[in-house]
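Student: Submitted below is the structure of interest, expressed as structure tokens.
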Amino acid sequence: MKFGVLVFPGSNCDHDAYHVIREIAHQPVTFLWHESESLENCDAILVPGGFAYGDYLRTGAIARFSPVMQSVKKFAAAGGLVLGICNGFQILCESGLLPGALLRNAGLRYICKQIYVRTETANSPFTQALTRGQVLKIPIGHMEGNYFCEPDTLAELERGDRIAFRYSTQTGEINSAANPNGSISGIAGVLSEGHNVLGMMPHPDRSCETILGSSDGFLLFASMVNAMTA
């Protein structure tokens with residue numbers, strides 16, 4: 001199996017994602033430049049964090065028109081695995097691959113710290129190595145991480161078991177104090193209708209080694225490898 005890591009002008013977590021796949025998951029991986037239409041026969045695509053195209057206009061608003069994203073949309077429509085992290089989540093929402101939008105944090109401040117998220121579903125290629133209710137320690141680093149969607153969309157996400165993670169306390173409680181950015185219903189990550197696309201604001205790529213403060217994030221990448229192997 002082969003992973004592809006997208007690279008936009010302004011990406012700054014592309015090497016983090018590449019390192020995780022190559023050095024920790026020990027899987028083939030390549031960088032995919034934003035101007036390329038080829039996904040080079042990759043089996044899974046990672047859309048990393050950063051500031052694609054400088055986050056001009058809106059986060060992800062320009063990246064959605066890049067040639068590589070047109071190929072990613074076709075890839076996802078055919079059932080390919082796509083994981084968007086932080087700015088990658090914003091790009092996936094702007095591209096229509098995921099519902100909702102990422103707004104400025106409640107409080108209008110950039111937030112960078114370790115937080116906890118509760119696993120809301122194990123029914124996806126990204127979370128099958130987890131159990132429902134399992135709490136992960138993962139860092140965030142964003143200014144526009146406040147997830148919003150309309151009430152009918154939220155209900156649809158609930159019905160379809162498409163909420164992957166919610167911000168929580170260390171013991172798994174969901175409350176306003178554990179929600180760092182004001183996201184509706186405490187949502188930290190959502191899945192596509194087919195469960196093959198995941199967008200999340202926390203950074204599993206920055207929590208795959210204990211030296212970084214947590215290795216919980218690696219469970220998502222291990223899940224992807226297991227899903228593709230199966």
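The values are calculated or read from the model by the stated rules, or taken from the named source; none is laboratory data. What you are looking at is a predicted structure, and each value in this text was computed from that prediction instead of being measured. Positions of Cβ are backbone-derived with ideal geometry, glycine not excepted, and every protein chain shown enters the neighbour counts.
Student: Considering only residues that are free of Cβ contacts under 8 Å to residues at least 12 places away in the same chain and among the basic types (K, R), which ones fall in region 1-34?
Tutor: Matches in region 1-34: R22 only.
Student: Please state which one of A177, A230 is aliphatic (A, V, I, L, M), at pLDDT below 95 and surrounded by fewer than 19 Cβ atoms within 10 Å (Cβ to Cβ).
Tutor: One residue alone meets the criteria, A230.
Student: Next question. Please enumerate the residues belonging to region 122-138 that are within 20 Å of I174 (Cα to Cα) and buried (at least 19 other Cβ atoms within 10 Å of the Cβ).
Tutor: Residues satisfying the conditions are T127, L130, L136, I138.
Student: Then there's this: Going through V47, V117 one at a time, which residue ends up being in contact (Cβ under 8 Å) with a residue 12 or more places away in the chain, within 17 Å of S183 (Cβ to Cβ) and aliphatic (A, V, I, L, M)?
Tutor: The conditions single out V117.
Student: What is the one condition in (1) in contact (Cβ under 8 Å) with a residue 60 or more places away in the chain; (2) over 24 Å from F218 (Cα atoms) that Y56 does not satisfy?
Tutor: (1) is the only condition that Y56 fails.
Student: Quick one: which of V68, V7 is surrounded by 15 or more Cβ atoms within 10 Å (Cβ to Cβ) and either more than 25 Å from I140 (Cβ to Cβ) or modelled with pLDDT under 95 (or both)?
Tutor: It is V68.
Student: Might you let me know whether region 192-214 holds any residue that is more than 15 Å from the chain's Cα centre (by Cα), of a type in the set (S, T, N, Q) and part of a strand (DSSP E or B)?
Tutor: Yes.
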